[in-house]
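Asker: Input: one structure, supplied below.
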Amino acid sequence: MAPPIIKRYLIAFDQHKLLGLASFAVIVGISGIVAIQPPSPPTFRAQGLLAYTTPPKLFSTTGEQIQEQGRQLTKPDLLPDNVFIEAAEQLKVKPQEIVKKLDVKMPSGPKDPQVIFVAFTDDNPKLAVATVKVLLPKMVQQSRLVNTDRLRDVMKSIEQRLPEAKEDLRRDQQRLERYIRVEGSALLAAQDGTLVGAITGSQQQQRDIQLALGSIETQIQSLQNRLGLTADEAYTNSALSADPIIASLRAQILETETQVNLLRSQGYRDAYPALDRLLTDKRTYEKMLQERADEVIGGRGLGEPLTPSRIRADSTLDPTRQQLANQLVSLQTERDTLKQRLEATKKVEQELRTQYLKLPDKQLEQARLQQQFELQKAFYAKLQVSLADAKAAEAETVSSIRIAQEPERAEAVGGKAMNPLMVLGGGMFVGLLVGGGLIFLMSTLDNKLYTPEELRQALITQDVPLLAELPFVVIPTPDQGETAILVQPNSSYLEFYERFRSSLRRLENKSLKVVLLTSTVEGEGKTVSAYNLAIAAAQAGKRTLLVEADLRSPSLAKTLKVMPDSRANIEPLRYYSSKNACIRLVPDIENLYIVPSPGPQRQAAAIIESTELKQFLEDARGRFDFVVLDTPSLSRCNDALLLQPLTDGMVVVTRPGYTQGSILAEALEQLTEDELPLLGAIINGLDKPVPPEDIEETAVEDMGTMYEEEDILEREDLEKEDNVPTGASRF
């Protein structure tokens, strides 16, 4: 059995053989034209060699680099336009002719000979030799010019970068010097340990101050306990007690109070003139006392108003207690001084510590600036060295190639006639390859599935069961010519459709009575499969109804000798509502009934969705054993999807050479995604061997005998129910 790819190629060859033959004929014709061409006139080829030079010892690095680059010259480097123009002027020819006929072969790798082949082909041998002799020295001179230009480019690049490098060096030096001036003292202190010593000294000074503060605090506490006064109160009492004016005012106030008390004790009232004058004097003395106390205290009071009684009480210190109060004030002043020194010392220590913590960053910054300066300095020095080296190489620049061999004479080339048989044979071989390749290309580009194997694989990919593989049916009939519908009851093809019907019966759905047949595209044989399936079911003794549900096409009921109703096209809804008018008995096939299509209809979808058609199919489900619906293809319209809810399942018809892979995959994927009851698919139109008529007839007779008893009982029940004689039209 041939592989599927061979079958596909043979099918494609049968379809596109004209394209392959045309391409074969074109190529063979071209080869024939080439074969009969006369031989071309002889031409002459002159060839010279250029070799790479090995210069003497060079004293400059730049010279060695330029010389090494000279070994990597390309053809455009050696043959610019000016070389062709100068050579053409010298040879009295056009530069385009030299460019067209010149052949220069450069070494492509280290394994190739390190020589340059320069060849020129022309009808005139002398011109060929002269052209090569003129071009060789010009190419050598061009090599030297290229090396010189490269050296000058190097020098120019260095000279352009020197000022910028010098400016960068000066800027980096200034940055380093400025940083050293600003941070040099701190860095030096870190290096010789002065900064660490200052921090340690500050800490020791703080400890000494804290010890002194402790001693002073003890003395202050002792004096406060002895005096019963704070330092501020001691200062106030001491100042008030030491002032003579306050002491004099106190004495006068005391004397006045004594006289007032004496007069009051004698019974005089405050309104008494002498007593009133004394009270006025007392108030005056107290006011003067208060003003003097404010002058003496100078704003350092107790925080409370200085009343005369308070001033008199605070200004009564004796000399001993006054000395102790002055000592307490002095200790308070010394303590405040030490606290300020302690805070200042702590601040200095904090600054020293901050400076110490920043030392690593400062040292790194200095190192970075120093390194950047050194790098810029080295780069500037390198540029100066390179410039000096390039100037030294200027005197050493020479050509990288030399003339190794000049042409002595031109050799004849071409002019040989080709063998016509070899040319034709080669053309035929190429034509076969091109023609076969085009046919193979067309077969790969074609989206159709040409072999049953491809259809089976497509169905397996979509998990769709294969229900049957049906043969290509061709039956000659006296009145209709060749037909694909099994109009003969003893046809040899009935066995395949009986297997198809048996596959449907073996499905899990035991109540399968209404089956819908559709296809993806036109021409896959869905109508033939629907007709023949219905005929096979009727031959098996089942009361079968074939419904032509393709309302967009005319009826094919004439094939079964059934004439459609001519008025059905005008009123299709009435046609389906009148069941006795639309269902016809097929005369030559027992148990087979057909509903011819009232098409073609413009409003087919409206008819399919009508209540009349729905009720008709529900009634047919109860009256018949098996109902087959022939619907349009899925790529044409959605009529099959609209009718599907009224059926028990759907069968997709495929056919090699007609079914397109992408459309089939898309349709099956849509049906499975929508969870429609897809029963499976069949492959139609296969080239299968058909048994002889006598064997098939015996098989059909045996099959009819098997269902005979069941069919008789069903028909008797139906005739009793409808009161219609056997074999007559029931509707």
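FYI, it's all coordinate maths here, none of it is from the lab. This structure is a prediction, so every number in the text was calculated from the model and none was measured. Virtual Cβ from ideal backbone geometry, glycine too; neighbours counted across all protein chains shown.
Asker: For region 333-395 and region 233-295, what is the separation of their C-alpha centers, rounded to whole Å?
Answerer: 76 Å
Asker: Continuing with the same structure: Hey, what do the phi angles of region 586-600 turn into as Karplus ³J(HN,Hα) couplings, whole Hz, using 6.51/-1.76/1.60 and θ = phi - 60°, x for Gly and Pro?
Answerer: Each residue of region 586-600 in turn: 6, x, 8, 10, 6, 6, 10, 10, 9, 10, x, 6, x, x, x Hz.
Asker: Additional query: Tell me which residues come under 5 Å, amide H to amide H, from Gly649 once H is placed; ignore anything under 5 positions away on its chain.
Answerer: Counting only residues 5 or more places away or on other chains, the set is Leu516.
Asker: Working from Cα positions, state the angle (0 to 90°, nearest 10) between the long axis of helix 273-297 and the longest principal axis of the chain.
Answerer: Compared with the principal axis, the helix lies near 60 degrees.
Asker: Consider just the alpha-carbon atoms of region 580-645 and return their Rg together with their Dmax, both in angstrom.
Answerer: 12.9, 35
Asker: Tell me the label-point distance for the pair Ser578, Gln323, using the 7 Å Cα-to-Cβ offset, in nm and rounded to one decimal.
Answerer: 15.4 nm
Asker: Using the Karplus equation 6.51 cos²θ - 1.76 cosθ + 1.60 (θ = phi - 60°), what ³J(HN,Hα) coupling, rounded to whole Hz, does each residue of region 623-628 give in order, writing x for Gly and Pro?
Answerer: Karplus values, whole Hz, x for Gly and Pro: 8, 10, 6, 8, 10, 10.
Asker: Given H placed 1.01 Å from N in the peptide plane, which residues other than close sequence neighbours of Leu470 have an amide H under 5 Å from its amide H?
Answerer: Hits under the 5 Å cutoff: Ile683, Asn684, Gly685, Leu686.
Asker: At Arg170 and Gln203, where each label point lies 7 Å from the Cα along Cα→Cβ, what is the point-to-point distance in nanometres?
Answerer: Each label point lies 7 Å from its Cα, and together they span 5.0 nm.
Asker: So, one more: Calculate the FRET efficiency for Leu432 and Asp687 from the Cβ-Cβ distance with a Förster distance of 25 Å, rounded to the nearest 0.05. Provide the component values of the computation, followed by the final result.
Answerer: Details: r = 28 Å, r/R0 = 1.11.
The value I calculate is 0.35.
Asker: In degrees from 0 to 90, rounded to the nearest 10, what is the angle of the helix 4-35 Cα long axis to the longest principal axis of the chain?
Answerer: Compared with the principal axis, the helix lies near 90 degrees.
Asker: On a 29 Å Cα-Cα criterion, which of the cross-link pairs Lys94/Lys391; Lys100/Lys391; Lys133/Lys156; Lys105/Lys382; Lys101/Lys391; Lys166/Lys391 come out too long? The partial results should precede the final answer.
Answerer: Working: Lys94/Lys391 40 Å; Lys100/Lys391 41 Å; Lys133/Lys156 35 Å; Lys105/Lys382 40 Å; Lys101/Lys391 41 Å; Lys166/Lys391 20 Å.
With Cα atoms farther than 29 Å apart: Lys94/Lys391; Lys100/Lys391; Lys133/Lys156; Lys105/Lys382; Lys101/Lys391.
Asker: Then there's this: Please report the relative contact order for region 250-291, taking Cα pairs under 8 Å with a sequence separation of at least 6, and give it as a percent rounded to a whole number.
Answerer: Answer for region 250-291 is 48 percent.
Asker: Angle check, please: helix 61-70 long axis (alpha carbons) against the longest principal axis of the chain (alpha carbons), in degrees 0 to 90, nearest 10.
Answerer: The angle comes out at about 10 degrees.
Asker: Still on this structure, I have one more. Placing +1 on the Cβ of each Lys and Arg and -1 on the Cβ of each Asp and Glu in the chain, which of Ser23, Ala581, Ile209 has its Cα farthest towards the positive end of the resulting dipole?
Answerer: Positive-most Cα among the choices belongs to Ile209.
Asker: May I ask for the distance between the Cα centers of region 548-591 and region 174-217, given as a whole number of Å?
Answerer: Taking the Cα centre of each part, region 548-591 and region 174-217 sit 119 Å apart.
Asker: Calculated from the structure, percent of Cα pairs over 50 Å apart equals which of (i) 11; (ii) 66; (iii) 38?
Answerer: (ii)
Asker: How far apart, in nanometres, would the label points at Glu217 and Gln160 be if each is projected 7 angstrom from Cα along the Cα-to-Cβ direction?
Answerer: Label at Glu217, label at Gln160, 7.8 nm between them.
Asker: Relative to the Cα centre, what is the charge dipole magnitude of the chain, using +1 at the beta carbon of each Lys and Arg, -1 at the beta carbon of each Asp and Glu, and rounding to the nearest 20 debye?
Answerer: Details: 84 positive and 101 negative charges, 930 e Å.
For this selection, approximately 4460 debye.
Asker: How large is ³J(HN,Hα), in whole Hz, for each residue of region 326-341 in order, when computed from phi with the Karplus curve 6.51 cos²θ - 1.76 cosθ + 1.60 and θ = phi - 60°, using x for Gly and Pro?
Answerer: 4, 5, 5, 5, 5, 5, 4, 5, 5, 5, 4, 5, 5, 5, 5, 5
Asker: With +1 on the Cβ of every Lys and Arg and -1 on the Cβ of every Asp and Glu, and nothing else charged, how large is the dipole of region 341-440 about its Cα centre, in debye rounded to the nearest 20?
Answerer: It comes to approximately 640 debye.
Asker: Whats the longest run of the chain with zero GluC sites (Glu not before Pro) that are DSSP loop and have at most 10 other Cβ atoms within 10 Å? Mind showing how you got there, number by number?
Answerer: Numbers: sites that count: Glu408, Glu508, Glu675.
In short, 1-407.
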